[in-house]
Structure formats: C-alpha cells, structure tokens
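Below: the structure, in structure tokens.
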Amino acid sequence: MSLLTIKNLSVDFDTAGGMFRAVDGVDINVDQGDILAIVGESGSGKSVSMLAMMGLLPWTATITADEMSFDGIDLRDLGPMARRKVIGRDMSMIFQEPMSSLNPCFTVGFQIKESLKIHLDLDRAERKKRAIELMELVGIPDPERRLKAFPHQLSGGMSQRVMIAMALACKPRLLIADEPTTALDVTIQAQILDLLADLQKETGMALILITHDMGVVAETAQRVQVQYAGQKVEEQEVRGLFSDPHHPYTAALLAALPERATERHLPTIPGVVPGQYDRPQGCLFSPRCKFADDKCRKTPPPVQPPDLGLARCHYPITRQEDVA
Amino acid sequence: MLRFLISRLLTFIPTFIGVCIISFAFIRVLPGDPIVVMAGERGLSDERYQEMVEQFGFDRPLIVQFWDFFTGVLQGDLGTSFVTKRPVFDEFFALFPATLELSFCAIVIAIVLGLPAGVIAAVNRGKFFDRALMSSALVGYSMPIFWWALLLIIIFSGNLGWTPVSGRIDLLYFFPPVTGFMLIDSLLSGQDGAFTSAVRHLILPSIVLATIPLAVIARQTRSAMLEVLGEDYIRTARSKGLAPPRVNGLHALRNAMIPVITVIGLSVGMLLAGAILTETIFSWPGIGKWMVDSIYRRDYPVVQGGLLMVALMVMVVNLIVDLTYGLINPKIRKR
C-alpha cells in the first residue's frame, strides 16, 4: 500500500471575482522512501495541492478529492484535532522563504522543542537532547549555543537547516519541501539539496519536492510529476522524463534549460499560465503550444497511458518526433 | 541593554528642557492676571497691586523668571501655590495617587478586555463576532465621555443603586492615608467594608475612563493580528500541528504586540495627564481636576509644576514602552 494516495484532487478558491480552480483533478502517489518532484511554473497549483493536504489553506478554499489518504488515514474528513496529530509529526513541511518562516520572537531552540513537546512524550532534558541531535543532523555547527539564537541572527541557509530540523523533529514518514532552495543562493542551494537527499536516504522517509527548477529535479528526484495550470500534465521517472518527454509543455520546459541550449538565445515558452479569466476551453496549454490545432483548442485532452507518461495531450510526443 | 537605557535617558535631557519651557510659557500666554483673579470681585488698589507684582516677581524680565523656575525645578522645588500657599510638589503627590489608582484600574480593564477582543475579532475576521466587536469599539471610541458617564451613573447608581455616584470611599470610613491608594489604605485600615466601599467607588469611573483605550487597543490588536496572521511563520506554526489557541495567542500575538504596546503606552500617558472629564463628573480628587481649577485661578506655579510632573510621568511611561519592545522582539534589542 502506498504511503500517500491522492486521486482527483481539486481546490477552488472563493475570490471576489467568483470561484477560481487552482488545482484541477490532480493525482499523487507516493510510496515509502520515494522522492517525487512536482514541477511547474508559478501558479500551476503545486504548493496549493500540498497545502490542501496539510489542511493549511484559508477557509476560502474548497477541497474535493475522490481519495486522499495518508498511511491508511483518510485525510478528507479528518477533524482539525485529529489532523493536528498527523501534521507536524508523520507528515511535515518546509517552505520557500526560510528567513520569514521562523518566528522572529522565539529562539530556534524553542521552536524546535515546541514540535517535540506537543507530539512526543519527552521530558525537558530529553527534548533538549533531541533538539541538539537534530541540529547536528542538519549540519549546524555548535548546536548547543545555536539553540539560544534568534532567527534574525541566522543566515538564509542556516534558517532553512533549522526549518528542516524542525520538520524532522518527530521523524516524519513524509516530508514536503516547497521550493526549499528558491530563496537561497546557488552554493547554499546545492548544500540544502544534498542535505535533503542524505536525510531521505538515512531515514527512509518519503520526500515530495516542489520546485520549478529542472536542475533540482535531475539531481534529487526519482520520479517527476509536471503540473500546468492546476492539472497534472505528465508523470515519469526522472531519466525517462529528461530523455523522452511526452507532453509538449514538458518538452518546452526542458528545451528552456540553459545546459540544453543550442543557440545564443535561450528558447522560451511564449505567454503565461492562464489565470482566472482567460482559461482556455480545450487543452489548457493550447494557447502556448506550438503543436496545437483546432481539436486542442476545443476539446480537453485525454490522459494517455503510462507508457506515454500519463500525458494529458491529444498528440503526445514520441521520441522520433522533432522536439526542438 | 544598559547602553540602550543610557542613550534613552540622554534623550530625556532636551525633552525635559523643552517641557520646562513649554509649561512655563503656556500659562503666561493665556490672557488674565493672577493677581486680579486673586483679588476677586472687590478689586484692589494700584499700590497694593504694584506691591503684589513685586512680591511675586512679575516685574522682573521673563527670562529671569524662567531661570528661577528652571533652577528651582532642578533642585526639586516647583514653587508654592498662589492660592493655597502650599508647595506644588506636596499638592501634586497628595493628589497623584488618586489619579494613578484610577488610571491603573482603567488601563487594566482596557488591556484585559481589549487584547482578547482584538485577537478573537482578527481570528474570526469578517464573521459576526468581528463585526459586532468592531462596531461596538467604534461606538465606544466616538461616544462623548461625559454622556457615557452620566448614562452609567443613571443606570447603575440611580436606577439599580449598585454603585455610589461620586467620591473615593463612603464618609463612614476614615483612616489616615498611608500610600494614598484607597484600595491599599482601606485594606490596611482593617475596617470592615472599607475595601468593598473603595472598590464600589472605583468601578464606574474606571469603566468610563477605560472605554476609549479599550476601543483603541481592541482595534489596534485586531489590525496588528490580521497583518501577522498572514506571515509565513504562522503557516509554519500551523504546519507543526499546533492548536489554534497556541498559534494565535502565542506565535501571532507576540509579534502583534509591538504596535499594541505603543498604543497602550500612549493611552497610559493620556490617562495620567488627567482624566479631566471623568474626575470632574465623579468628583474624583485627582490631578486632572486640580489642574483645571488652577488654570481658572491662573495659579502659575501649580499649572507649570503640574504640567511638568505629568510630562515627566508620560516620558517615563514611554521609556518603559521602549524597553518593552526589546523584551518582546529580540530584533529590536540589538539596534
């Protein structure tokens, strides 16, 4: 049985201009020990689907799913009390902006020990010991002294390490990393990714990595799921996705990687992700897709079989075709 | 922390000099002559008038008069009241405990009710409770204080007879002031019912005086909380599985406290500066009433001395507020 199963998840926001569908029929499957990357542009509903699962969305959001279960627990009709026993303990999350994700009024130690206090049955001394252990685990030097530090005394990379320590406090079975390296500079990015990969290997937890950086995907993940405008458009093993993308959007994303550029100018995908008012009738990618025809513009595409990467496309690309 | 304190104290000096100048100048700018006022309706002869001018030193240049006042202040001498012939300092400290007691009770009421009200309103933003609370806060804020006081007196003292109309304690009880605070003195006196009587006298004026600060604190807490609740670290706190009371009451409120503390500090200053209307309506023997009376009498030493003392109190409160910022938010401490 898989650790996390989500089928046909949709999230609608009640906005001033009417309902807006941020996530549209997404399936997610994660097994114990998996590393799944969810890739997509800003506004493709990557974070929202994870926040929906954690129950962290504001009340304006309506969440529907055919199935949403974690470790055999049905998350759909879990009461707030029961949900709080799961999140932060078996399932935890780290965020994009480490500097603003830590509370400036409390010491790092307080914030790590807080998780331990509410979820585990440890006494004061044990909590302190565990907090030091965690700080060591995420590679923070001089942990005992750093426990007394306030967030503003830490750099971005250190803050993200603290966030990771906090998330790992109760030995979660699933860690969701929501663009954990976006706000960090390049050398620190690599360190944090290595750390996450190492910790995943050591603990055997599952890891969901939300990112818009294909480089991160290639380095870290085993399986990739590409999202576009709230829909999952393709899912493959990393190797397969990079060598043989089936959805034109995936292909275009890969073509835009600097390492793959053949000309002086990087290829781009013209246009932007459709918003609330310009949602196309047929395939959501059709206005930006260079292969689109009338059928694409009129009818929503079917989901192709697994050997075509579950691509949501009328005309999935196969290797023979010219992508560039 | 010590350096911070010292640098704050140093900024006291220019403020203090400024306050001295303003309080000295203020009463002299007003038309009216203290000697004429003292003489009353009978009036007085020109020779006697001249004599009094010399006696009070009004014939000397203003700058010399100010220097006298200022050097006096530095030696802890605020002068003597023209009317009562008692030192201003003594009069101030005889009356100040009454004001302090009333202000303290009022601010406690305002904080104890205002903070939770603001937090609850922010958490239930846009819902019934939020709207009801914020509209009543607006009503409380804009209601004329004297009318509100009279309304409460009519209902609770007049119709229901629950509380006395005025004063600090029933005439039945007498004991010498020890601390000047009626609540403490009545307890110390050991007389049966004295304390209850003091509380019953204190309750209505405190509520009246608390109304505006309560409304301001509730609204400020709400808006500060709304801002903080959108912060990333609140999402982090919730993602840890913390219960809403802990997220809102600890993680959010602590960050929202900075603007709230500022407002509390300003309110305390305002209350200390003499809750003039409230003290007048309830015949509360505090400094507000004392100052107003002395302005009518053109009692120069009392007005300037009283103003100076009140300003000092406000400065001290503000200093405490500044120090509290550092306690709440460690980031400010470092600057």
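Coordinate-derived values only; no laboratory data. This is a predicted model, so every value here is computed, not measured. Note that each Cβ is placed from the backbone with ideal geometry, even for glycine, and that neighbours are counted across all protein chains shown.
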Phi angles of region A:48-64, converted by Karplus (6.51 cos²θ - 1.76 cosθ + 1.60, θ = phi - 60°) into ³J(HN,Hα) in whole Hz with x for Gly and Pro, give 4, 5, 6, 5, 4, 5, 6, x, 9, 7, x, 5, 6, 8, 10, 10, 10
Residues whose built amide H sits under 5 Å from the amide H of residue B:165, excluding neighbours closer than 5 in sequence, are none
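Rounded to a whole number, what is D in µm²/s for region A:1-89 from Stokes-Einstein with the Kirkwood radius over alpha-carbon pairs (4 °C, 1.567 mPa s)? All intermediate terms of the calculation are to be shown ahead of the outcome.
Numbers: Rh = 13.7 Å.
This corresponds to a translational diffusion coefficient of 94 µm²/s.
Any chance you could tell me what percent of the C-alpha pair distances in the protein assembly as shown go past 42 Å?
48 percent
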The alpha-carbon center of region B:261-306 and that of region A:105-135 are separated, in whole Å, by 51 Å
Output for region A:249-324: chymotrypsin sites (Phe, Trp or Tyr not before Pro) sitting in coil per DSSP, at most 12 other Cβ within 10 Å, listed by number, reads A:277
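Using just the alpha carbons, could you tell me how many Å³ per residue the convex hull of chain B encloses? Could the numbers behind the result be given before it?
Values: hull volume 64.0 nm³, N = 335.
Hull volume normalised by residue count: 191 Å³.
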Phi angles of region A:113-128, converted by Karplus (6.51 cos²θ - 1.76 cosθ + 1.60, θ = phi - 60°) into ³J(HN,Hα) in whole Hz with x for Gly and Pro, give 5, 4, 4, 4, 5, 7, 9, 10, 9, 10, 8, 3, 5, 5, 5, 5
Once phi for every residue in region B:129-137 is put through the Karplus expression 6.51 cos²θ - 1.76 cosθ + 1.60 (θ = phi - 60°), the whole-Hz ³J(HN,Hα) values, with Gly and Pro written as x, are 4, 4, 5, 4, 5, 6, 5, 5, 5
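Two decimals, Cα atoms only, Kirkwood Rh: what is Rg/Rh over region A:176-324?
Numbers: Rg = 16.5 Å, Rh = 16.7 Å.
Taking Rg over the Kirkwood Rh, I get 0.99.
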In the structure shown, of A:46/A:295; A:129/A:171; A:148/B:240; A:232/A:298; A:129/B:331, the pairs separated by more than 25 angstrom at the C-alpha atoms are A:46/A:295; A:129/B:331
When the charge dipole of region B:11-121 is computed with +1 on Lys and Arg Cβ and -1 on Asp and Glu Cβ about the Cα centre, the Cα farthest towards its positive end, among B:96, B:107, B:29, belongs to B:107
Mean per-residue count of partner chain Cβ within 10 Å for B:219-232 equals 1
Taking max minus min of the Cα coordinates of region A:250-324 on each principal axis, largest first, gives extents in Å of 36, 32, 19
Per DSSP, the loop-located trypsin sites (Lys or Arg not before Pro) within region B:25-94 having at most 16 other beta carbons within 10 Å are B:85
For region B:146-263, the dipole about the Cα centre with charges only on Cβ (Lys and Arg +1, Asp and Glu -1), to the nearest 20 debye, works out at 520 debye
Distribution output for region B:19-74: share of Cα-Cα pairs per 5 Å bin in percent, first bin at 0, values 4, 16, 24, 23, 18, 10, 5, 1
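Using the number of other C-beta atoms within 10 angstrom as an exposure proxy, rank A:38, B:234, B:107 with the fewest first.
Details: A:38 28, B:234 20, B:107 23.
The order, fewest Cβ neighbours first, is B:234, B:107, A:38.
Looking only at other chains, what is the average number of their beta-carbon atoms within 10 angstrom of each beta-carbon in A:146-153? Walk me through the numbers on the way to the answer.
Values: counts 0, 0, 0, 1, 5, 3, 5, 3.
Whole-number average of other-chain Cβ neighbours for A:146-153 is 2.
What ranking of A:46, A:129 emerges when the number of other C-beta atoms within 10 Å of each C-beta is taken as an exposure proxy, fewest first?
Details: A:46 27, A:129 12.
Arranged by neighbour count, lowest to highest, A:46, A:129 become A:129, A:46.
Treating only the Cβ atoms of Lys and Arg (+1) and Asp and Glu (-1) as charged, compute the dipole magnitude of chain A about its Cα centre; round to the nearest 20 debye. Intermediate values should be presented prior to the final figure.
Details: 35 positive and 42 negative charges, 154 e Å.
Roughly 740 debye, rounded to the nearest 20.
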Each residue of A:46-57 has, on average, a number of other protein chain C-beta atoms within 10 Å of its C-beta equal to 1
For region A:38-159, inverting the pair-averaged 1/r of distinct alpha-carbon atoms gives a Kirkwood value in Å of 16.6 Å
Packing-ranked peptide list from B:224-232, A:93-101, highest mean Cβ count within 10 angstrom first, is A:93-101, B:224-232
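With 10 angstrom as the radius, rank A:212, A:119 by how many other C-beta atoms surround their C-beta, starting from the fewest. Write out the running numbers ahead of the final one.
Numbers: A:212 16, A:119 22.
Listed from fewest to most nearby Cβ atoms, that is A:212, A:119.
In region A:262-324, which trypsin sites (Lys or Arg not before Pro) fall in coil by DSSP and have 12 or fewer other Cβ atoms within 10 Å?
Hits after loop and neighbour filter: A:264, A:290, A:319.
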With +1 on the Cβ of every Lys and Arg and -1 on the Cβ of every Asp and Glu, the dipole magnitude of chain B about its Cα centre, in debye rounded to the nearest 20, is 2060 debye
With -39,500 (n - 2.57) per DSSP H segment of 4 or more residues and division by the full residue count of the protein assembly as shown, the 222 nm estimate, nearest 500 deg cm²/dmol, is -16500 deg cm²/dmol
Under 5 Å from the placed amide H of residue A:233, counting only residues 5+ away or on other chains, we find A:226, A:227, A:228
The distance between the Cα centres of region B:171-207 and region B:20-52, in whole Å, is 39 Å
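Sort largest first and round to whole Å: the equivalent ellipsoid semi-axes of chain A, each the square root of five times a Cα gyration tensor eigenvalue.
Values for chain A, descending: 36, 22, 18 Å.
Order of A:156-165, A:102-111 by packing, highest average Cβ count within 10 Å first?
Details: A:156-165: 24.3, A:102-111: 21.8.
Result, highest mean first: A:156-165, A:102-111.
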So, relative contact order of chain A in percent, Cα under 8 Å, 6 or more apart, is 20 percent
Any residue on another chain or 5+ positions along whose placed amide H is under 5 Å from the amide H of residue B:84 is listed here as none
Hull volume per residue for region B:82-182, using the convex hull of the C-alpha atoms, in Å³ is 174 Å³
